[in-house]
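This report concerns only the one structure given below.
The values are calculated or read from the model by the stated rules, or taken from the named source; none is laboratory data. Keep in mind that this is a model prediction, so the values were computed, not measured. Cβ: placed from backbone, ideal geometry, glycine included. Neighbour counts: every protein chain shown. Surface accessibility is based on the protein's heavy atoms, side chains included, excluding ligands, DNA and RNA. Shrake-Rupley method; radii C 1.70, N 1.55, O 1.52, S 1.80 Å.
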Protein chains: 2
Amino acid sequence: MKVSLSALDTCESSFTPLVVIELAQDVKDETKEWLKNRIIAKKKDGGAQLLFRPLLNKYEKETLENQNLYLVGASNIRLLLGAEAVGLVKECNDNTMRAFTYGTRHNFKGFDDNNDDFLTMAECQFIIKHELENLRARDEKMIPGYPQAKLYPGKSLLRRLLTSGIVIQVFPLHDNEALKKLEDTWYTRFTFKFQPVDYDKYVIFASFNLIWSTVILEVWKRGCANMTYRWGTLAMKRQFEEPRPGFHGVLGINSVTGREEPLYSSYKRQLRIYLVSLPFVCLCLYFSLYVMMIYFDMEAWALALHEDSGSEWTSVLLYVPSIIYAVVIEIMNRLYRYAAEFLTSWENHRLESAYQNHLILKVLVFNFLNCFASLFYIAFVLMDMKLLRQSLATLLITSQILNQIVESLLPYWLQRKHHLRVKKKVQALKADIDATLYEQVVLEKEMGTYLGTFDDYLELFLQFGYVSLFSCVYPLAAAFAVLNNFTEVNSDALKMCRVFKRPFSEPSASIGVWQLAFETMSVISVVTNCALIGMSPQVNALFPESKADLILIVVAVEHALLAVKFILAFAIPDKPRHIQMKLARLEFESLEALKQQQMKLVAENLKDEPREESGKEKAS
Amino acid sequence: MKVSLSALDTCESSFTPLVVIELAQDVKDETKEWLKNRIIAKKKDGGAQLLFRPLLNKYEKETLENQNLYLVGASNIRLLLGAEAVGLVKECNDNTMRAFTYGTRHNFKGFDDNNDDFLTMAECQFIIKHELENLRARDEKMIPGYPQAKLYPGKSLLRRLLTSGIVIQVFPLHDNEALKKLEDTWYTRFTFKFQPVDYDKYVIFASFNLIWSTVILEVWKRGCANMTYRWGTLAMKRQFEEPRPGFHGVLGINSVTGREEPLYSSYKRQLRIYLVSLPFVCLCLYFSLYVMMIYFDMEAWALALHEDSGSEWTSVLLYVPSIIYAVVIEIMNRLYRYAAEFLTSWENHRLESAYQNHLILKVLVFNFLNCFASLFYIAFVLMDMKLLRQSLATLLITSQILNQIVESLLPYWLQRKHHLRVKKKVQALKADIDATLYEQVVLEKEMGTYLGTFDDYLELFLQFGYVSLFSCVYPLAAAFAVLNNFTEVNSDALKMCRVFKRPFSEPSASIGVWQLAFETMSVISVVTNCALIGMSPQVNALFPESKADLILIVVAVEHALLAVKFILAFAIPDKPRHIQMKLARLEFESLEALKQQQMKLVAENLKDEPREESGKEKAS
C-alpha cells in the first residue's frame, strides 16, 4: 500500500484536476497532512481513495500567495465505481435508462474500457463531491491541530472543516472547451434553437392566457419528466440528507438513521416559527402595505402638481413616483430576503430541503404582496385601468432592468477587470507547461459563487405574475416579458459561464415547490382576469339595467374556467406514456429479481422441511 | 418425492381447510387429476406445493350432488414462506412493521415455531389465493381434456380455468368462532366502540360543515395511513397485475414484463371510449334530465289538484311524485350501472385497476346528476326552499330505505330459508366427525358473492352529497344520515358475516379514487352552500338597496373559504409524523443495505486495480 501512496505523491501531473479545495492561509501542516491522507487512503481504511496534489509545488516563488490551493481528481476506475455508489443513471444500449453498475458496464451506450469520456465532467465532479462529503470521522475526537473543531463517529469531515473555517471553499473547475462551444450557441448569437427552456411561447397565446397557463404548466411537468428521465435523475434514489451546515443541537441518536448527531426538538422549532417568524412576516407585510399607501400619496401629489402647472416638464414627473416605488420595492425585496434567510436559519431546520421550503414560502408571500399589492389596489379599489396599465409597465420594466444590471452585467464587468489583472501577473511569470491550469484555478477561485436557482426562479415567478394576473388589461406586458427573456437567457448564460464559479451539478427530479407556486399563481390569475373583464365598460354596456346579472354571469364563467382548469390538470398525465412504460419496466425487473431470490430461498427451505415435519409428527 | 406425495394423498384430514374450489359438474377425471397434481407438486416442479383433498370422500351416498367440491390448505411452514413471497408486512418485536421473511421469523411479535396462529386466517387465505393465481402454464398448450381452453407459457392456470367454466368459483371459508365474536360487537348490540369506521361524527359539526368536511377528509387520510400501516398494507410493494379476466387481444410480447400475453392497442380503446362510451353517457345524462322534467310536471299537476280540491287526502298526494321519482332514480341508477359495466368491459381494459377507474368515473358522473339534478334545479332555478327541503327529505329517506332492503334484509331472509333447508338435509344424514365442515362448505357455496366495496362507497358518497350540498337549508338531513348509518353499520356487518361468502382480503393502501370523489364533492358543497346563504331572505334583508354588493360579498366569502380549504388540505400532512419516521427508517435501512453491498464490491474491485493501472502506465 505504501508503494502506491508514494507513487501517487510523485506522479502529480498524471491526473486531470476536477475539483479545487481552498484551505485557510494559516492551516497547520499537521492538519494538511491528515486531510491528504484521509483523501488518498483506501476505501477499506475509511478514505476516499481519490487523487490529490497541491496546485503549486512548481511555483515556489509564489508560495506565499497561493500555497493553500489543492487539486482533487480520481482514476477512471475509481470514478466508475463512484458512479455506481451514487446511483448514477445512464443510457443503455437498448435506449433505456438504468442505474450504472461496474459489473454491467459494457451494456451502457458509449462505454469503452480504453476511453474515459463515458462520464461527463459534471458527473465526475458530482461523484468526487459525493465522495468528499461522505468522508466520515472514525475514532477522531477532533480535527488534528484544531481541538475546538469537535468530531463524532460518522460526522462528515468536509462539513466540519467548512464550518470550522479550515476549508474555505470546494469548487469544481470550468470546462473551457465546453464553455467556448456554449458561447456560440448560448449567448453570442440571438438564437434559441438549442436552449432547453422555452417559456417565451406565450406571446402567441397571450389571449388564451387562462387555459393556456394550465396547459403549459402540465406540458412543463411532462417535459420535465422527459428531461429528467434522459438525465437519469427521475429514477435516482434519494439520499438521506445529513443535517445542514449550521444546524446545532444536543448530541443524540437520530431515530431514523441510528447515527449519533445533534438533535433539536421540533417543538422548540414550532415555537420559533409561530411566535417569532410568523409575527415578523406579518409586520413586514404591514410595512409593505404602508409603503404602498405612501406611494399613492406621492402619486396624488404629482398629479395635482401637473394639473396646476400643466407644462411638459411636469408630465414627466408623473412617472417619477412609480419609478421610485419600483426601486423601493426591489430594495425591500432584497432586505427582506436577508431577514428571511436569517430567521429561517435561526429556526434551526435539520434538513437543507426543509430550510429551503420555509425560506421559499417566506420570500414568496412577501414578494407577492410587495410587488402586486399596489396593482390589486389600483385595479379593484381605485378601479383606474389607465393608472393600472401605467403602473404595471413601470414596475415590470424597472424591475427587469434593475435585475439584469445587478444580476449579470455588473458582476461581469467587475470580473473582467480582475481577469485582466491576473492575466498580467501570470504573463510576468516565466512560461511553464502548467501555466494555463494555474491561471484557471487562480481566476476561478476569485469568481462569485452561484447561490442556487432560487433567484432565477423567483424572477420568473414575479414576471409570470405581471404577465398573467392582469393580462386582459395590458397584453403588452407579455411582449416586454418576451423581450426581457431574450436578453435574460443570454445574460444568464453569460453569468453561468463567465461570472460564477462552476456549480456542482445538483440532480433533481423536478422544479419542486416552484411548480406549486406557478400553479397557484395561474389559479389567482383566472380570478383576477374574470374580475377585470367583468369591470370593463364594454361588458358593462351589455347589461345596462342589472349589475347583479352581470356579476352572476362573470362568477359562473369563472367557476366554469376553474373547473376546466382542474379537469385539464387531472386529465393530462404528468408523465408521458413512454416514460411511464419504461419506469414500470424497471420496477417490474427489480421486483422479479427479488422474487427469483425469494423463490430460491423457498425451494431450499422446503427441501429441508419434510424431514423436519415428519420428525415433528413422530414426536406428537 | 413420491413418498411425500402419496403421504399427502392419504392424510387428508390432517390439514385445516382454508379455501374451497368448486369445479363444474361434468369435469373430466383427467382434468381433475392434472389440476390436483399441479396444486400439490413441489415449487421447483412448477407446482404450488399446497394441500388438497375432495370434500366428500367419506360421504359416498351424496357423491352425485357435491362431489365437485375440493378443499385447499397448506402446511405451516409453506404458509410462512408464502407470506414472505407475497411480501406480507407484520409487526416486529420493536413495534415497527416490516416485511416478513422466514429467515428473520423470530424477530416478529407473537411468532412461535410450535404455534401456528402467527398468521391470521385471512392472511393464510390470501396467501393461498396468491399461490393458486400464480400457478402458471409451463409447456401445456391447453387444459388437459379441454382443447378449446388454450394456454401459453406463463398464463395463470386459475384464470383460464375460471374463464373456461371448469372452475365455478374459489372462495375462502368463514371463521365461525370469529363470526360469533363479531356478532356480539358488530351488530347485535347498538354500540360503536369497536367499529373502525366513524363517519357519523358530522351531526355535531353540521354547522361547521364547510371547513369541517375538509378537515375530516384530511383526518381520514391520516387515519387511513395509520390503519394501513398497522395492517401492513401501506408499505406493501404493488404486484404487477395480470390482464383482467375477460381481456382479449392478439398474442404478443408485453413490453413491460416481457411475458407473452394478449395485447390490445390503446388507440382502439381510445376510439371506443370517445366514440361510443362518451356519447352513450351523454345520452343517459340527457335522458335523466328529461325524466327530471317529467317529475316537475307531475309535481305541478299534483299541486294543482290539491289546490282545486283542498282536502286532507290530496295533501298526501303531494308526496307521491317525489316518492315515485326517488324510486325511478334508484331503478335508473341500477340499470345504468349494468350498462356502464357492459361498456367498460367492452372497452377491453388490460388492468383491473384501469377497469375500476373507468367504471367508477362513469357511474359517479351519472349518479351525481341523477340524484342531485332535481335538487339543483329546485334550488337555483325555481328558488323554492320549501320544495327543496321536501324533495331532499323524500329522496334521502326513500333511497336509504330502499338500499337497506335491497342490500341486506332481502338477501338475509332468502339466505335464512336456504340455511334451514340445508340444515334439515344434513340432520337426515348420519352423524359423522366431519358433518359440521360438510354443512359449512355446502352452505357457504350457495351464499352470494360480495362484489367489492363499490356499492358501499357509492351509497356513502351520495349520502355525503345529500348532507353537505344543501346542509344550510336542511340540517336535518345530517340527522337522517346518522340514523341511517346506525342501522347501516349493523346491516352491513350482518351482510358481510351471514349473507355473503367470505371475500378474500384485498390489501390496499388507501380508499383510492374515492378520496378524490369526496374531496370534489366537498368543494362543490362550499359553492352551493355559499349560494344558498346568499339567496336566503335574512341575508338579502341586510342589503336592501344593492343586490350587486350582496353577490360580491358572497363571492368573496366563497373564494376565501375555498382558499382556506386548499391551504388546510396542504398544511395538514397526509401521514402522521410517527409513520413518516417509521417509513423513512425502513427506506434508510434498505438503502444502507444496498450501499454496504456496493461498498464491498468497490473495495474488491479496487484491490485488483493498482496492478492493472501500473500495467497500463508501463505500456504508455
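Descriptive notes on the structure:
- When the stretch B:95-142 is filtered for residues that are without any contact (Cβ under 8 Å) to a residue 12 or more places away in the chain and charged (D, E, K, R), the ones remaining, listed by number, are B:D112, B:D113, B:D117, B:E140, B:K141.
- Residues that are without any contact (Cβ under 8 Å) to a residue 24 or more places away in the chain and farther than 30 Å from B:G87 by Cβ occur in the stretch A:516-528; there is at least one.
- Residue count for the stretch B:336-370, restricted to those that are more than 21 Å from the chain's Cα centre (by Cα) and surrounded by fewer than 16 Cβ atoms within 10 Å (Cβ to Cβ): 1
- The residues listed here are B:R350, B:R421; of these, the one that is of a type in the set (K, R) and assigned to a helix (DSSP H, G or I) is B:R421.
Here's the yes/no breakdown for (1) open to solvent by 40 Å² or more (accessible area, probe 1.4 Å); (2) more than 9 Å from every other protein chain (Cβ to nearest Cβ); (3) at pLDDT 75 or above:
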position	(1), (2), (3)
B:L542	yes, yes, yes
B:K547	yes, no, yes
B:I551	no, no, yes
B:V555	no, no, yes
B:I579	no, yes, yes
B:L594	yes, no, no
B:L601	yes, no, no
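- Identity of the residue in the stretch A:461-494, among the hydrophobic types (A, V, I, L, M, F, W, C) and open to solvent by 50 Å² or more (accessible area, probe 1.4 Å), that ends up nearest to A:R416 (Cα to Cα): A:F486
- Any hit, the stretch A:246-267, residues being of a type in the set (K, R), more than 14 Å from every other protein chain (Cβ to nearest Cβ) and either open to solvent by less than 90 Å² (accessible area, probe 1.4 Å) or part of a helix (DSSP H, G or I) (or both): no
- Of all the listed residues (A:S156, A:S75), the sole one being within 12 Å of chain B (Cβ to nearest Cβ) and touching a residue at least 60 places away in the same chain (Cβ under 8 Å) is A:S75.
- The condition of being assigned by the TED database to the domain that holds A:T101 and modelled with pLDDT of 85 or more holds for A:L23.
- Considering residues of the stretch B:126-170 that are β-branched (V, I, T) and open to solvent by 60 Å² or more (accessible area, probe 1.4 Å) only, the residue nearest to B:E260 (Cα to Cα): B:T163
- Condition check for A:A493: of a type in the set (G, A, S) and under 30 Å from A:A178 (Cα atoms): yes
- Screening B:D117, B:D94 for residues that are within 12 Å of another protein chain (Cβ to nearest Cβ), open to solvent by 20 Å² or more (accessible area, probe 1.4 Å) and either at pLDDT 80 or above or within 25 Å of B:Y229 (Cβ to Cβ) (or both) leaves exactly one candidate, B:D94.
- A:L409 falls short of the stated requirement of being assigned to a helix (DSSP H, G or I), modelled with pLDDT of 80 or more and either open to solvent by less than 90 Å² (accessible area, probe 1.4 Å) or aliphatic (A, V, I, L, M) (or both).
- Within the stretch B:495-517, tally of residues that are assigned to a helix (DSSP H, G or I), open to solvent by 20 Å² or more (accessible area, probe 1.4 Å) and in contact with a helix residue (DSSP H, G or I) (Cβ under 6 Å, 6 or more places away or on another chain): 1
- For the residues A:A149, A:A178, the requirement of being modelled with pLDDT of 75 or more, among the aliphatic types (A, V, I, L, M) and not assigned by the TED database to the domain that holds A:N68 singles out A:A178.
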